[in-house]
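The values are calculated or read from the model by the stated rules, or taken from the named source; none is laboratory data. Remember, predicted model here, so these are calculated numbers, not experimental data. We place every Cβ from the backbone using ideal geometry, glycine too, and count neighbours over all the protein chains shown. Side chains included, ligands, DNA and RNA excluded: accessible areas come from the protein's heavy atoms. Shrake-Rupley method; radii C 1.70, N 1.55, O 1.52, S 1.80 Å.
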Amino acid sequence: MSAESMPDPAIPGPGPSRAGGPGRRAKGRRRKPRAKRRKALLVAAWSAAGIVVLGGTGAGVLFFKLNGNLHSVDIDQMLGADRPARADNGSQNILVLGSDTRSGGNEKLGGGTDDGTARSDTAMIVHVYQGHKKASVVSIPRDTLIDRPECTDADGGEHPAARQVMFNSAYSTGGAPCAVKTVETLSGLRMDHYLEVDFSGFQQLVDDLGGVEVTTSEAIKDPDSHLDLPAGTHTLDGEQALGLVRTRHGVGDGSDLGRIQLQQAFVKALVDQVKDIGLLGNPKKLYDIADTATKTVTTDSDLGSVNSLMSFATGLKGITPANMHMVTMPVVYDPADPNRVLLEKSKADQVWTALKNDRPIPETATRGTATGEAKGVVNTAE
């Protein structure tokens, strides 16, 4: 059984642990109309944490309920000591996953069937630099063929290593612990924290915020994701936002990489929205957002209480969209299968080396790599 996070002495402990569920490997195919759905999103989880900080102005009794909403996974216990060393300069690495399960409310939102599987179709490494005033975000394409290490899931099940499998098979094979171990093996970076946001929670969070404003430079129409946006400025509700971050057929080259570019643009718009919205004068809205946020995320055990999440989020408040550098892990299309991508190792090593040394990612690391051709289609509204 997965270990629960330790309760904060001032606040009752969080709800039961919830690890990402293992299941069948996703077969996501680029350019096919029934490809597995993708949501996001890094900052649906990250901004959720930021919103919880505002809860410090609320009545203490509400914290009892919010604390009970949280679920956590003891990643440190499950992975043991055989991991990259922690940085000693104050920087942090956070793995943020978007989990795609077809159970419960997600079945309806995803437009699919409840097949009992859970996938991580969105993965981002957030590197928070020393001083916590800026961050680099590296998206890992789910279709990247990688060598997955052997790993143990939250229930103690052991899974052998596998060669040349899709990156998102790590989560569907062994849940959160396997996903973290795979990322650490791939990058050589220690993941200090883990945040996971689910499908239905993302949609509800956007609705609770009152929508997120973006500007599209061209029309986006994709029946598969139920999205139909003319060029211009839009305030997206939860359903539209979900459609935007999972669409790929209506933009760029129709690839998964193009969808990542849309997700990165939406992340910045979401962060902007959270920072601009006036919540302190609206206690009900504040509580609704905090309630959704704490229900939406699964964390590592170190963040498994409202007090811990508040402290963590307070440390990120100085990071603005302008100080977020977002890239995609350097990859090229697989010549043997256009629906897969391969790691551009020499360039990827530039990314990991820069982050390991708490330096900016050099432009040479992503120059000439596959992009998806959707950059600039979505922007933060002015």
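General observations
- Of everything in region 131-169 that is in a strand (DSSP E or B) and of a type in the set (Asp, Glu), the residue that is farthest from ASP334 (Cα to Cα) is GLU158.
- Residue in region 352-367 that is under 25 Å from LYS133 (Cβ atoms), touching a residue at least 24 places away in the same chain (Cβ under 8 Å) and in contact with a Gly (Cβ under 7 Å, 6 or more places away or on another chain) present: yes
- Residue ID - modelled with the lowest pLDDT, chosen from residues in region 92-128 that are open to solvent by less than 10 Å² (accessible area, probe 1.4 Å) and over 20 Å from PHE167 (Cα atoms): GLY110
- Criterion (among the hydroxyl-bearing types (Ser, Thr, Tyr), open to solvent by less than 30 Å² (accessible area, probe 1.4 Å), part of a helix (DSSP H, G or I) and farther than 21 Å from LEU303 by Cα) met by exactly one of SER172, SER200: SER172
- The sole residue among ALA313, ALA322 that is free of Cβ contacts under 8 Å to residues at least 40 places away in the same chain, out of contact with any strand residue (DSSP E or B) (no Cβ under 9 Å at 6 or more places or on another chain) and farther than 20 Å from LEU186 by Cβ is ALA322.
- As a summary of the residue check, THR298 satisfies the conditions (1) outside any helix (DSSP H, G or I); (2) at pLDDT below 85; (3) of a type outside the set (A, V, I, L, M, F, W, C) except for the one numbered (2).
- Per-region count, region 228-254, residues hydroxyl-bearing (Ser, Thr, Tyr) and in contact (Cβ under 8 Å) with a residue 60 or more places away in the chain: 1
- Of the residues LEU309, LEU286, LEU242, the single one that is closer than 27 Å to TYR129 by Cβ and in a helix (DSSP H, G or I) is LEU309.
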